[in-house]
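The structure appears right after this line, and notes come after that.
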Amino acid sequence: MASIPLGTAQGLSGPGGAHRVARHLSPPPSRSTPSRRADLRVSTLTLARKRVALVAFAFALATAVLVLRVGMIGIFGGAGSFTPTGNALLPDRGTIVDRNGVPLARDFKSYALWFNPKAMEGGDPLTRSPREVAQKLVAIFPDMDEADLEKKLASGKGQYLRRRILPEEANKVFQIGEPALSPPAEPSRYYPEGNLAAHVLGYVGADGKGRVGMEEVYNGLLTDPDTRGAEQVLSIDARVQAALEDELLRGMGLAQAEGAGGIVLDVDTGEVVAMASLPSFDPNHIDEAGMKLMFNRVTNQVYELGSTFKPLTVAAAIDAGVITNLARTYPAGAPLRVGRFSIRDSHTIGAHLNVPEILIHSSNIGTAQIADELGSKRMKHKMEMLGFNERPYIELPARGFPIWRSGEWPRLTTMTVSYGHGIAVTPLHLATAYAAMVNGGIWRPATLHKIEPGQAPKGRRVFKEATSARMRQLLRMIVTDGTGRKADAPGFRLGGKTGSAEKPVDGGYKRTALVTTFASAFPMDNPRYVVITMYDEPKGTAATSYQRTAAWNAAAAVGRIVPRIGPMLGVYPDENRDIDLTDVRPLIDKGGAH
């Protein structure tokens, strides 16, 4: 039969026409139909597998791209290190921790009380009178001023009514039912340890910028999206800091002092393990009173630190070869005349004193003669090597400039500087100088950054190792036999020197006002830490046996501090160990010690 042309088939009409064409074009029944169905199933399965493989390949490719991107970020960093989603997971400001990872400053979301007069569109800002609303707010916040609140609410000006409120307080504000009282959640800086190390940390202002302390120093790192996710680690040990502040505060109370300062410094690295200035402030609550207490006595205030300079003078003389025999004696029975001035001791000690006795009894007359023999040029150069002619080295922005005489020193200046008068430096200056004097002779800058093992700065040599070894002996003897005996914590082999200086005023000195200091290090057989304590205008009280000199307050404070912090720092008491004093102890006149 001839095939039907397609055009003809499409033109068929009438009942049954289409059916006939369809029947004619359908394949005849065949026994191979089951095989074709199997082929169809195989074809479908193959296609499905190809699609699954294609999807898997797409996922693998996407994963590879992400892994590559993360790897590039890790290697190269850069501005694109964090996606917007990543940024959202980071704090608005990074965290500051102590050397052991204890958080000292961190961000958290807090509530603020905001007055929004535009909350009621086209109507009055408040549904009640400003006075009624003010009364309800004072019921929640009793320390707020009702009249001041009423004035602010009546002004119609959008403003903060309170910068930080608790969640439960925010709920009570909501219950007042005033749409214009809005407690929005906003980022806030929180200091978990309160006023601990406040002068080191500083605070964050209302503009979100760090102020005063390491908050200011780290401001860029703490706010940069590329770095704010990493903790900023300080050299401070929160445990040691707490002990230092506690004992300084206790000493302030015992001596009724106006203020106090203290520092614990690692002698081999320059790390500041603790630093305190009292009275302190709470960075969580900055007010006018707190602003007045932000001055750091340790880094920013310069003082005439008195007799704590005497060991530095003796060390300079030993280093220069001026003192070659500690048994050599100096006249000390009468005031030392220098032109029209007289240098005196607080009391008559003896007709002649050798070098250990000059330090143990803290003789101005003996020390001045040693400095005179050393000479102005060498004396001034050694002070410069110790950094006494410039601001102290530390990261904090507030650093006091010493009172320092430029040019060639007259003879009298050299002699008065030898016992800590006519020159004013910060307690931090003194701490780094003592570290150099006991650590083998190397001066290093102080730092508030934690230093990893083996990464300490090289520093500069100021004293010979032999000089340093000799000074460790002499400092120990001042504590065992001299003015520093109240600092002698059993087993800690502590050495140091007291200093009590009248405060300068109007070109003279105020005899009724002292600055007392004790500069020390421990343990003297292998020095690890310098500890400086200072009191501003201590009084003679019953607790200090009515004495106001450093021996009765600053030295006593160190005697309490060292036993507390020693074990925290890995230094344990051992009364079977001490520095060898056998070659110098015979030089001390036991009958004259006091």
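The values are calculated or read from the model by the stated rules, or taken from the named source; none is laboratory data. Since the structure is predicted, the reported quantities are computational estimates derived from the model, not experimental observations. Neighbour counts are summed over all protein chains in view; Cβ atoms, including those assigned to glycine, are modelled from backbone coordinates with ideal geometry. Each accessible area value is taken on the protein alone, full model and side chains, heavy atoms only, with ligands, DNA and RNA left out. Shrake-Rupley method; radii C 1.70, N 1.55, O 1.52, S 1.80 Å.
A 1.4 Å probe run over segment 514-564, with the rest of the protein chains in place, finds 27 Å² accessible per residue.
The string of couplings for segment 228-235 from the Karplus curve (6.51, -1.76, 1.60, θ = phi - 60°) is 6, x, 9, 6, 9, 9, 8, 6 Hz, one whole number per residue in order, with x for Gly and Pro.
The distance between label points at Asp92 and Arg577 comes to 5.1 nm (points 7 Å beyond Cα on the Cα→Cβ vector).
Calculated on C-alpha atoms, the gyration radius of segment 196-281 divided by its Kirkwood radius gives an Rg/Rh of 1.05. For Ala469 and Met568, the FRET efficiency from 1/(1 + (r/R0)^6), where r spans their Cβ atoms and R0 equals 30 Å, is about 0.65. Note on segment 91-193: Kirkwood radius taken over Cα pairs, Stokes-Einstein applied at 10 °C and 1.306 mPa s, translational D equal to 105 µm² s⁻¹. Around the amide H of Leu161, modelled in the peptide plane, lie the amide H atoms of Leu113, Trp114, Phe115, all under 5 Å away and 5 or more residues distant in sequence or on another chain.
Across segment 343-359, computed HN-Hα scalar couplings (Karplus, 6.51 cos²θ - 1.76 cosθ + 1.60, θ = phi - 60°) run 9, 10, 9, 5, 7, 6, 9, x, 5, 9, 10, 8, 4, x, 5, 4, 6 Hz from first to last residue, x flagging Gly and Pro. Highest mean packing first, where packing is the average number of other Cβ atoms within 10 Å per residue, the peptides 515-524, 375-384 line up as 515-524, 375-384. The 3J(HN,Hα) values that the Karplus relation (6.51, -1.76, 1.60; θ = phi - 60°) gives for segment 154-162 are, in residue order, 6, 6, x, 9, x, 6, 6, 9, 7 Hz. Gly and Pro appear as x. Rolling a 1.4 Å probe over the protein heavy atoms gives segment 283-397 an accessible area of 41 Å² per residue.
Take Asp319: with every protein chain present and a 1.4 Å probe, its accessible area is about 20 Å². All Cα-Cα distances of segment 116-248, cut into 5 Å bins from zero to the largest, leave 2, 8, 14, 16, 12, 11, 11, 11, 9, 5, 1, 0, 0 percent in each bin in turn. Taking the Cα-to-Cβ direction at Lys109 and at Lys458 and moving 7 Å from each Cα, how far apart do the two end points lie in nm? Taking the two extended label points, one gets 5.2 nm. Taking Lys and Arg as +1 and Asp and Glu as -1, the other residues whose beta-carbon sits under 13 Å from that of Tyr419 total -1. Computed from the Kirkwood radius of its Cα pairs, the Stokes-Einstein diffusion coefficient for segment 450-554 at 25 °C and 0.890 mPa s stands at 157 µm²/s. What's log10 of I(q)/I(0) for segment 359-491 at q = 0.13, 0.16, 0.17, 0.22 Å⁻¹, Debye sum over Cα points only, no solvent? Once normalised to I(0) and log-transformed, intensities are -0.65, -0.98, -1.09, -1.47.
Taking a ≥ b ≥ c as the square roots of the eigenvalues of the alpha carbon gyration tensor, segment 180-244 is oblate, as a/c is not under 1.5 and a/b does not beat b/c. The calculated FRET efficiency for Arg411 paired with Leu249, based on their beta-carbon distance and R0 = 30 Å, is about 0.10. When each of the peptides 94-105, 252-263, 277-288 is scored by the mean number of other C-beta atoms lying within 10 Å of its residues, the order from highest to lowest reads 252-263, 94-105, 277-288. The eigenvalues of the Cα gyration tensor, multiplied by 5 and square-rooted, give segment 347-396 an equivalent ellipsoid with semi-axes of 29, 14, 8 Å from largest to smallest. Taking Cβ atoms as reference points and 14 Å as the exclusive limit, the residues near Asp580 contribute a net charge of +3, counting Lys and Arg as +1 and Asp and Glu as -1.
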